[in-house]
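Contents: one structure, followed by commentary.
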Amino acid sequence: MKPTLRTVARQFQELGRDFHNRGWVLGTSGNFSVVTRRTPLQLLITASSISKGAIRPGDLLAVDGSGKPMGKAGRPSAETALHLTIARARGAGAVLHTHSVWGTMLSERYGAKSGFELTGFEMLKGLEGVRTHRHSEWLPILENDQDMAALAVRVEAVLQNFSAAHGFLLRGHGLYTWGDDLAQARRHVEIFEFLLETTGRMLPWP
């Protein structure tokens, strides 16, 4: 069934309040999207510069496969191109982006290595298709860029090079993850944010 604006808005409202309360989308940070049509590709995505802790139905915009708004005035998230790239490359039904403290800190800690490994944690089994805590999850880190078209090209390359990855970090910025639907994408955010905080707390810091 095609997701409706009313349904997605209600889901984003609940999701946004939860993530905001956890400190993952403070201020106007973060963005959420759901695929409403695969061919041609269309998304419902949060508008630019809104609080994810207080999302209203009018804060969602429908965009086409080039990122242009469809039938309604407004400015979609500046990172719409990244959502579209992930939706295409992974066949994702939903894409979620958070700006947590631990995601930001670890993206700086390991940015020069372009990523880091998560392994040995039982929570890894919450990632789709993972069956053992011995799983090795490489979390790529990309340098941030205000040129979204250029960044989208690099995101696509990373998704091709790390075909088993369930997410990635933008350096000094935050986490991107996705799922077949919004429920799976939300689970992936919760798993990654747990793993990021756990990893960060275990590290020696200056």
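How big is the equivalent ellipsoid of the range 1-151 along its three axes, where each semi-axis is √(5λ) from the Cα gyration tensor, reported in whole Å from largest to smallest? Walk me through the numbers on the way to the answer.
On the way: eigenvalues 146, 60, 59 Å².
That gives 27, 17, 17 Å for the three semi-axes.
Ranking TRP205, TRP102 by Cβ neighbours within 10 Å, fewest first, what do you get? Write down the numbers at each step before the final one.
Values: TRP205 7, TRP102 21.
Sorted ascending by nearby Cβ count, the order is TRP205, TRP102.
List the trypsin sites (Lys or Arg not before Pro) within the range 55-146 that DSSP assigns to loop and that have no more than 16 neighbouring Cβ atoms inside 10 Å. Mind showing how you got there, number by number?
On the way: sites: LYS72, ARG88, ARG90, ARG109, LYS113, LYS125, ARG131, ARG134; in loops: LYS72, ARG131, ARG134.
Loop-located and lightly packed - LYS72, ARG131, ARG134.
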(message) Among VAL35, LEU5, THR46, which residue has its Cα furthest toward the positive end of the charge dipole of the range 4-86, with +1 on Lys/Arg Cβ and -1 on Asp/Glu Cβ?
(response) LEU5
(request) Rank the residues LYS52, LYS2 as a footprinting-exposure proxy: fewest other Cβ atoms within 10 Å of their Cβ go first. (result) LYS2, LYS52
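Only counting other Cβ atoms within 10 Å, I'd like SER136, SER163 sorted with the fewest neighbours first.
On the way: SER136 11, SER163 8.
Listing SER136, SER163 from fewest to most nearby Cβ atoms yields SER163, SER136.
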(request) Could I have the simple spin-label model distance between ASP145 and HIS133, label points 7 Å from Cα toward Cβ, reported in nm to one decimal? (result) 3.9 nm
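Would you mind classifying the range 1-47 by shape? Square roots of the alpha carbon gyration tensor eigenvalues, ordered a ≥ b ≥ c; an a/c under 1.5 is rounded, otherwise it is prolate if a/b is larger than b/c and oblate if not. Intermediate results must be reported in sequence, preceding the final value.
Working: a/c = 3.35, a/b = 1.98, b/c = 1.70.
Because a/c hits 1.5 or more and a/b exceeds b/c, the range 1-47 counts as prolate.
Readers should treat all values here as calculations from the given coordinates under stated rules, not as data from a laboratory. This is a predicted model, so every value here is computed, not measured. When we count neighbours, we look across all protein chains shown, and the Cβ atoms used for this are built from the backbone with ideal geometry, even at glycine.
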